[in-house]
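Input: a single structure, listed below in C-alpha cells.
The values are calculated or read from the model by the stated rules, or taken from the named source; none is laboratory data. Predicted, not measured: the structure shown is a model, and the values here were computed from it. Cβ sites come from the backbone with ideal geometry, for glycine too, and all protein chains shown count toward neighbours.
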Amino acid sequence: MSGVASRGTVVIARERCKGCTLCVPACPPGVLHMSEEVNRSGLAYPELVAGCTGCGACSWVCPDFCFEVYRYEEPVTHAVSR
Amino acid sequence: MSSSRRDVLDTSAAPSRPARRTAEFTPGLQLSGDHDLCPGCGEPIALRAILETLAELGLADAAIGVVGIGCYTALTSLIDVDLIQALHGRAPSVATGAKRMRPETLLFTLQGDGDMVNEGLQEVIHAAARGEKITCLLLNNGVFGETGGHMTATTVLGQRTKNTLEGRNADDHGHPIPIAELIARLGGTGYAARGSVHDVKSIATTRRYLRRAFEHQLRGEGFSFVEILTMCPTGWFVPTAEGPRYLEEVMGSVHVTGELKKPGR
C-alpha cells in the first residue's frame, strides 16, 4: 500500500449521469474513470480515485450537472493499492 | 495513476473532513439539473457558462432573456432568470423592443443556429446593423437538433447530417454561413466573438467572451454577439466521447474561434 494525496473531492450524482464520458478526459489529474456497474438507467457513471485537486473541470464539462466540487482545508491522503 | 478500481472513493455524499464547497451541482440561477437533452450535448455546458457569468456580474435581477426555438428551449424551465419565448428566429426583434422599453435591463437572446441563421437571419443582421444595445448568444451545433438533426445554414462542408448522409456538398447544399464574421462586419456591432465548449480551456475563454459582451451592453456601446460552438453527437452520428474532438477539428476549422470585433477596432 502507498498513499496519494487529494486536495479536493467531488460528490457525483450517479443516477442523473447519462454516461457521456466527457468528464474523464477533462479531468487534469486523471482521477475519474467510468464504472463497471451501471445506474438505474443502465448507464456507466464516473468514479473517483485518489488525487483530486478540486479544480472543478468535471463540473464545467458535464452536460448533466452531476458534480459538486469541494476543496479540503488540508490535503487528505488516501491509501491506494499497488 | 497507480490506483485501481478497488480504490474508488465514496462520492455519494459531502466529505466528512473539513472542506469548502467550490461548485454546486447546478449554477445558482438554475433550479434543477434534470433535463432530457441527449448524452454529450454541449448546450447545457454553455448554459452553465452563461448563467454563472450573469451571476458573477451581479446581473441576476437585471437580466431578461429572449429564447428561440431549439433543444435548448427545453432548458428554459430550469432557468431562474426572467425569460420571454419568441417565435422561431425572432428573438433579436423581441429583445429590441424589450430593451427600448426597459433600457436599465440587460437583454440577451439565446438562440440556436437553426433559429438564428436559418429561420431568423434577417432579425439578427438588422438588430446588429441598427446597433441595438442587446447581446445575442448563438449556440451553434450545425444541425436542427430538436427536429431530428438535419442540416442548417452553418453545417460545414462534408458534415454528415440526417439529410446530408454523404456529407454536405456545395453543389447540392450551398456553403455554410459564417454568421459571426458577417455580424462583426456591421457598423452597429461593438463586440463579436466565437467560443466553444470542447474542453475546459475553451469554456474558460468563452466565459471571458460572455463577460465582455455583457459588459459592452452595460456600457451602452451597441450590439454585442457571442457564438458558442456546441456538441451534438446525436445529430452528427458520432459517439459522445468523440464529440469534443469533432467540434474542435471539423466545425472549428470553418467556424474559427476568437474575438472578431472589440471596441475601438
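Restricting the first member to segment B:223-244 and to residues that are under 26 Å from A:HIS33 (Cα atoms) and of a type in the set (S, T, N, Q), and the second to residues that are part of a strand (DSSP E or B) and modelled with pLDDT of 95 or more, the beta-carbon pairs closer than 6 Å and six or more apart or on different chains are B:THR230/B:LEU139.
Does B:GLY158 qualify as being touching a Gly at 6+ places or on another chain (Cβ under 8 Å), without any contact (Cβ under 8 Å) to a residue 40 or more places away in the chain and surrounded by fewer than 15 Cβ atoms within 10 Å (Cβ to Cβ)? Here the answer is no, as B:GLY158 does not meet what is asked.
The rows are residues; the columns are (1) hydroxyl-bearing (Ser, Thr, Tyr); (2) within 15 Å of the chain's Cα centre (by Cα); (3) surrounded by fewer than 17 Cβ atoms within 10 Å (Cβ to Cβ); (4) at pLDDT 95 or above.
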position	(1), (2), (3), (4)
B:LEU186	no, no, no, yes
B:ALA192	no, yes, no, yes
B:ILE203	no, yes, no, yes
B:TYR209	yes, yes, no, yes
B:PHE223	no, no, no, yes
B:GLY252	no, yes, no, yes
B:ARG265	no, no, yes, no
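Listed here are the residues, each with its yes/no results for (1) without any contact (Cβ under 8 Å) to a residue 60 or more places away in the chain; (2) more than 13 Å from chain A (Cβ to nearest Cβ).
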{"site": "B:GLN30", "(1), (2)": "yes, no"}
{"site": "B:HIS35", "(1), (2)": "yes, no"}
{"site": "B:CYS41", "(1), (2)": "no, no"}
{"site": "B:ALA49", "(1), (2)": "no, no"}
{"site": "B:ALA55", "(1), (2)": "yes, yes"}
{"site": "B:LEU59", "(1), (2)": "no, yes"}
{"site": "B:VAL67", "(1), (2)": "yes, yes"}
{"site": "B:LEU75", "(1), (2)": "yes, no"}
{"site": "B:LEU78", "(1), (2)": "yes, no"}
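Take the residues in segment B:184-227 that are among the hydroxyl-bearing types (Ser, Thr, Tyr) and assigned to a helix (DSSP H, G or I); name whichever of them is nearest to B:LYS133 (Cα to Cα). Top of the filtered list is B:TYR209. Of the strands (runs of 3 or more DSSP E) that lie entirely inside chain A, those containing 3 or more residues that are of a type in the set (Val, Ile, Thr), facing another protein chain (nearest Cβ under 8 Å) and in contact (Cβ under 8 Å) with a residue 24 or more places away in the chain span A:2-12, A:67-80. Of the residues making up segment B:101-125, those that are in contact (Cβ under 8 Å) with a residue 24 or more places away in the chain and assigned to a helix (DSSP H, G or I) number 11. Selection of segment B:229-250 for residues being away from chain A (no Cβ under 13 Å) and either surrounded by 23 or more Cβ atoms within 10 Å (Cβ to Cβ) or under 27 Å from B:ARG185 (Cβ atoms) (or both) yields B:LEU229, B:GLY235, B:TRP236, B:GLU249, B:VAL250.
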